[in-house]
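In what follows, a single structure is set out as structure tokens and then discussed.
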Amino acid sequence: MALWGGRFEGTTDALVWTFNQSLPFDQRLWREDITGSIAHAKMLGRQGIVPESDAAKIVAGLEALYADLASGAASLPPEAEDIHSAVESMLFARLGKEVAGKLHTARSRNDQIATDVRLWLRTALDELQSELTKLRVQLVALAEANLGTVLPGRTHHQHAQPVLLSHHLLAYFWMLSRDDERLADCRKRLNRLPLGAGALAGTPFPIDREFVAKELGFDGVCPNSLDAVADRDFAVEFCADASLLQLHLSRLAEELVLWSAPEFGFVELADSVTTGSSIMPQKKNPDVAELIRGKTGRVYGDLTTLLTLMKGLVLTYNKDMQEDKEPLFDAADTVTLCVSLMHRMLETAAFKPERMKQAMRGDFSTATDLADALAADGVPFREAHEIVGRIVRGCIAEKIGLEDLTLEALQAYDPRFTATALDAITPEASANARTSQGGTARVAVEAQLQLARASLEQH
Ligand code: ARG
């Protein structure tokens, strides 16, 4: 069964075979493995490394195998050592060893696996970016729809200043846009062909790596054969990008969990994306948001696994590197699923502007505006801050909010207050006063929305 039987007299211990075997997890690379082999076989024929007629038979055999595996007419032999052996043994059965045995000329499993994984990750990246774009589009649409909604913006988790819900949602849009840029950047370094490096040192056969690169949609070839088979930077880089993306999802998920708690009531998620309790009949739990938050830990774990896996390895290929696949697959699967579930959850989100407004009653979140009003009339801001601090203290003692103050009451604290101060301290006025570039005023958020739409057009 093994591809390397010739040198061995004894048989492999059964437990060692299982321990060594990667087919249980690398079988999902079958498409990439066959596609890579087709390009390699075409090149071998074109270069006269194997007879053109044999190369053509190999290509046709591989294409038929691909179709049969895709339709379920054929399945991988479960006892094979890895995906490469599995595909090759099936090709042997179909074409005979005279022809099929020529496919592995000028190639090693070391450059083959590096190629397979890069091809796989490229497709996974495309899928992830397409899901991410959907989520970014959705955030822009939600921001457009909620320009009239104000909620308490927070620092230290305390009410700080009123902000537009649109502004808050767009903050996540920009985080996810940076993630998208990072993924696009990762793709550039990923999209280089390792095949042709052989086991580590290159090959004496007159191969044409540029041809294979083009066939497989790579932008070029890895320039150093040792680096080509030893490098897993692309996997680490992807997991780092995925970790940061997952971190952003997790923060948004946490806000949704919090906002759907009764004390907040800022959002209600639909029945389709929430679940109940087996004991407490009243419960409607935001499990999807909680799981997105929870799964962040495993993506970080995948990154840590890869970094730790690679850190002490001498050049070039080491069997340790077989352990790269499970964390990489897991990170890609998890983050892509979480992006699409975040989208699904937000689709049902019913925001509650009234509750947000209620939350700002008596919360002093427009105290800065009161100080700004004095400062605008020439009072030094530090002095204005002190005066308003005293007003807040007085209101707390009287158990009233800023909105309950009359002009007379304000002037009792400081005669320099004018009627404009009262107009300035509604949450809407406060938010809409912040017209600075990137600020939360409606005009500034509308300008921001234009930038967001332009950024969507780029990606
Ligand atoms: N299953 C191996 C892996 O995933 C494929 C490459 C094996 N190369 C070798 N020389 N044993 O890394």
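Defining a contact as two alpha carbons under 8 Å apart and six or more residues distant in sequence, what relative contact order in percent does the chain show? For the chain, the relative contact order is 16 percent. One Cα centroid belongs to the stretch 434-454, the other to the stretch 49-70; the line between them spans 57 Å. If you add up the charges near Asn432, with Lys and Arg at +1 and Asp and Glu at -1, over every other residue whose beta carbon is less than 12 angstrom from its beta carbon, what do you get? Surrounding charge for Asn432 is -2. Taking the charge dipole of the chain about its Cα centre, with +1 at Lys and Arg Cβ atoms and -1 at Asp and Glu Cβ atoms, the residue from Ala253, Leu410, Ala452 reaching farthest to the positive side is Ala452. Expressed as a whole percent, how much of the Cα-Cα distance distribution for the stretch 129-222 exceeds 21 Å? Looking at the stretch 129-222, the distances longer than 21 Å represent 58 percent of pairs. Using alpha carbons only, how many angstrom separate the centre of the stretch 80-118 from the centre of the stretch 361-417? What the calculation gives is 78 Å, centre to centre. Grouping the Cα pair distances of the stretch 194-289 into 10 Å bins from zero gives a pair-distance distribution of 13, 25, 15, 12, 14, 15, 5, 0 percent in increasing distance order. Under a model in which nothing but the beta-carbon of Lys, Arg (+1) and Asp, Glu (-1) is charged, the chain shows a dipole of about 240 debye around its Cα centre. Scanning the chain for GluC sites (Glu not before Pro) lying in DSSP loops with no more than 16 further Cβ atoms inside 10 Å, the longest uninterrupted stretch between such sites is 264-459. Please label the shape of the stretch 364-459 as rounded, prolate or oblate, based on the square roots a ≥ b ≥ c of the eigenvalues of the alpha-carbon gyration tensor (a/c under 1.5 means rounded; beyond that, a/b larger than b/c means prolate, else oblate). Prolate shape, in that a/c is at least 1.5 and a/b is the bigger ratio.
Between their Cα atoms, which of Lys284/Lys357; Lys102/Lys319; Lys97/Lys311; Lys134/Lys352; Lys188/Lys325; Lys214/Lys325 are more than 31 Å away from each other? Pairs exceeding 31 Å: Lys97/Lys311. Just how far, in whole angstrom, is the stretch 288-325 from the stretch 27-47 if you go by their alpha carbon centroids? Between the Cα centres of the stretch 27-47 and the stretch 288-325 lies a distance of 27 Å. Put simply, the convex hull of the Cα atoms in the chain casts, on average, a shadow of 29.9 nm². Each principal axis of the Cα atoms in the stretch 67-190 has its own extent, and those three values, largest first, are 76, 30, 23 angstrom. Between the listed residues Leu176, Val150, Gly198, the Cα displaced farthest toward the positive end of the dipole of the stretch 147-234, a dipole computed from Cβ unit charges relative to the Cα centre, is found at Val150. Between the amide H of Val221 and those of Leu193, distances stay under 5 Å, these residues lying 5 or more places away or on another chain, with hydrogens modeled in the peptide plane. Working note: Cα atoms of the stretch 137-181, range along each principal axis, descending, whole Å: 32, 24, 9. Could you work out the Rg to Rh ratio of the stretch 1-120, with Rh taken as the Kirkwood radius (inverse of the mean 1/r over all Cα pairs)? When Rh is taken as the Kirkwood radius, the ratio is 0.96.
In terms of its C-alpha gyration tensor, the stretch 310-386 comes out oblate, because a/c is 1.5 or above while a/b does not outweigh b/c.
Read-outs: derived from the displayed coordinates by stated rules, not from any lab. Keep in mind the model is a prediction, meaning the values are calculated, not measured. Counting neighbours? That spans all protein chains shown, and the Cβs are built from the backbone with ideal geometry, glycine included.
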